[in-house]
Amino acid sequence: MKTINIAIDGPSGAGKSSISKAVAGDLGFIHVDTGAMYRAIGLFALRNGCLTPEQITERIDEIEVELKFIGGSQRVMLCGEDVTDYIRSPEVSMSASKVSAVPAVRAHLLDLQKKIASENNIIMDGRDIGSVVLPHADLKIFLTASAEERASRRYLELQEKPDCPTYEEVLNDIRRRDDNDMHREIAPLIQPEDAVLVDSSRMGFNEVVEKITALIHEKLD
Ligand code: DC
């Protein structure tokens, strides 16, 4: 059976995951957040004493990453442990950005991502989904927003947490991760030529969900 594959790429903090989740829920598709897989490996690197790229490459076969979908929600398993609730800290974000530049890490996750897409109707979000993972996706979307807008949104979310960083720290963090993601040698973040650009800088959450849902219907109907 041919499955429907929608690819959504874009920089950190553009809202890819929450928007993809909402759109997938409306369509009855599975939402696959590939960033969570890199985050799980980032957590592994931190827990094992900030592994270098060489050390991660050496130990790659030990790092079992698996996704489970429970009631439409994705859980990420690392060596059999559900780590979904431990992968959103700024330390893990930065570690994920670093490990995602390691070729052995990308190769390790690629087969799993392709397999999930071949077995399910999915919306998969990440950085290289349209360019590398699903080059023949039914629809590719590049979802972005200005760095300042992404930092403001993230800063608002973090304000409810203890030890909230300043707005400048959040903005610097976003710029550093953009730089890592766009300038790494392997599978850098790019807007594929055949992707539809959606700039959400001046759009509300529901507006973006409606826009992307409409693009999908246009393509599939
Ligand atoms: O989307 P996110 O912020 O959860 O992603 C975490 C890190 O993983 C981010 O720095 C980029 C990297 N990543 C990647 O290189 N390729 C993907 N397909 C998804 C995420």
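In nm, to one decimal, how far is the modelled label at N48 from the one at K115, with both set 7 Å along Cα→Cβ? Taking the simple label geometry, N48 and K115 are separated by 2.0 nm. Which shape class applies to region 96-143: rounded if a/c is under 1.5, otherwise prolate when a/b exceeds b/c and oblate if not, where a ≥ b ≥ c are the square roots of the Cα gyration tensor eigenvalues? Since a/c reaches 1.5 but b/c is at least a/b, the shape of region 96-143 is classed as oblate.
Filter the GluC sites (Glu not before Pro) in region 162-221 to those in DSSP coil with at most 16 other Cβ atoms within 10 Å of their Cβ, and list the result. Passing both the DSSP loop test and the Cβ count: E185, E193. Here is the list for region 5-62: trypsin sites (Lys or Arg not before Pro) lying in DSSP coil, each with at most 14 other C-beta atoms within 10 angstrom of its C-beta, are R59. If you count Lys pairs in the chain whose Cα atoms are under 13 Å apart, skipping same-chain pairs closer than 8 places in sequence, the total is 4. Per-residue ellipticity at 222 nm, computed for the chain from helices alone with -39500 (n - 2.57) per DSSP H run of at least four residues, works out to -15000 deg cm²/dmol. About its Cα centre, the dipole of the chain is roughly 100 debye, where the only charges are +1 on Lys and Arg Cβ and -1 on Asp and Glu Cβ. Computed from backbone phi, the HN-Hα couplings of region 73-86 come to 9, 7, 10, 10, 10, 10, 6, x, 9, 6, 9, 3, 7, 10 Hz, rounded to whole numbers (Karplus: 6.51 cos²θ - 1.76 cosθ + 1.60, θ = phi - 60°; Gly and Pro given as x).
Read-outs: derived from the displayed coordinates by stated rules, not from any lab. Since this is a predicted model, take the numbers as computed values, not measurements. Here the Cβ is made from the backbone with ideal geometry for all residues, glycine too, and neighbour counts use every protein chain on show.
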